[in-house]
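*Asks:* Handing you this structure, nothing more for now.
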Amino acid sequence: GNQHPWYAPHNIYPTRPDGSGLDIGTDAAGNPANDAWVAISIEQDEEWPLLVSALDGALPDRQEWAVFAARKADEDTIDAAISAWTSQRTNVEAAEMLQAAGVRAAPVNRYEQALRNPQPWHRGYLVRAEHEESGARIVPGVWQRFSRTPGQVRWAATNFGAQNRLVLQGVLGLSEAELAAMYEDGETADTPTGLAR
């Protein structure tokens, strides 16, 4: 599922639980189950020796694996060796060790981990916004970055039909009679009909 036609190795690899309490129970044998992973990608032949060095003997330095075609042909063997190494570390530990060696690697964050990560907040990818019924919510921030019109999230998504008048009259300039006719004809509504709330 995560292998790539042009890069090898390119996958997500299992890591040991991070002790955050976000692990997912136990497996069939009663051992702690785990949903912790690290993403690793070698996209150029020149990057391969960096991975071999970073894994410090866990990955054989076979001469033929210096080129993509040979790595791709033996990808399952390579993935197994990488998995054995990553399984001894948390996803953050593995990613930081590999990054320090110049290898493309990143922890695969679960939702809760992403919310605790300070970087999405710092970059404005995550922000807090008020919702009219549920109060403060965590919502995606403005992903476009324009120097003269930076944009901002002013509120969380509103309830069904809450912006009808603002858009239909305030933006489109419809009269009260035109708006009333739209409601009468069922072209718009302020509440959903036939849907369970």
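Every number in this text was worked out from the coordinates using simple rules, so none of it is lab data. Computed from a prediction, not measured in an experiment: that's the story for all the values here. Note: ideal-geometry Cβ built from the backbone for every residue, glycine included; neighbour counts use all protein chains shown.
*Asks:* Mind checking the log10 I(q)/I(0) for the range 145-197 at q = 0.16, 0.23 Å⁻¹? Debye, one equal scatterer per Cα, no solvent, two decimals.
*Replies:* Per q value, in the given order, log10 I(q)/I(0) is -0.64, -0.93.
*Asks:* Over its Cα atoms, what ratio of radius of gyration to 2.2 N^0.38 Å does the chain give?
*Replies:* 1.55
*Asks:* Starting from the 7 Å offset along Cα-to-Cβ, what nm value, one decimal, do you get for the label separation of VAL139 and VAL153?
*Replies:* Placing both labels 7 Å along Cα→Cβ, they lie 0.7 nm apart.
*Asks:* For the range 37-72, state which GluC sites (Glu not before Pro) are in a DSSP loop and have at most 15 other beta carbons lying within 10 Å of their beta carbon.
*Replies:* GLU43
*Asks:* Placing +1 at every Lys and Arg Cβ and -1 at every Asp and Glu Cβ, with all other atoms neutral, what dipole size does the range 77-159 have around its Cα centre, in debye to the nearest 20?
*Replies:* In total the dipole reaches around 340 debye.
*Asks:* Another question, then. Only Cα pairs under 8 Å and at least 6 apart count here; give the relative contact order of the range 110-197 as a rounded whole percent.
*Replies:* 18 percent
*Asks:* What residue among SER83, SER134, SER175 shows peak mean-square fluctuation when the chain is described by a Gaussian network model with Cα springs under 10 Å?
*Replies:* The residue that fluctuates most here is SER175.
*Asks:* For the chain, with only Lys/Arg (+1) and Asp/Glu (-1) charged at the beta-carbon, what is the dipole magnitude about the Cα centre, in debye rounded to 20?
*Replies:* That gives the chain a dipole magnitude of about 600 debye.
*Asks:* To the nearest µm²/s, what D does Stokes-Einstein give for the range 55-162 at 10 °C and 1.306 mPa s, using the Kirkwood radius over alpha carbon pairs as Rh?
*Replies:* Rounded to a whole number, D works out at 89 µm²/s.
*Asks:* Something else now. Counting helices only, and only those DSSP H runs with n ≥ 4, report the 222 nm mean residue ellipticity of the chain as the sum of -39,500 (n - 2.57) divided by its residues, in deg cm²/dmol to the nearest 500.
*Replies:* -7500 deg cm²/dmol
*Asks:* Would you kindly calculate the mean projected area, averaged across all directions, of the convex hull enclosing the Cα atoms of the range 76-119, in square nanometres?
*Replies:* 3.8 nm²
*Asks:* Need the full-extension length gain, HIS4 to GLU132, defined as separation in residues times 0.36 nm minus the C-alpha distance. One decimal, nm.
*Replies:* Result for the pair: 41.6 nm of gain on full extension.
*Asks:* Now, a different point. Longest exposed-loop-site-free stretch of the chain, with chymotrypsin sites (Phe, Trp or Tyr not before Pro), DSSP loop and at most 14 other Cβ within 10 Å?
*Replies:* 7-124
*Asks:* Can you give the translational diffusion coefficient of the range 112-182 in µm²/s, computed by Stokes-Einstein from the Kirkwood radius over Cα pairs at 25 °C and 0.890 mPa s?
*Replies:* Reported coefficient: 167 µm²/s.
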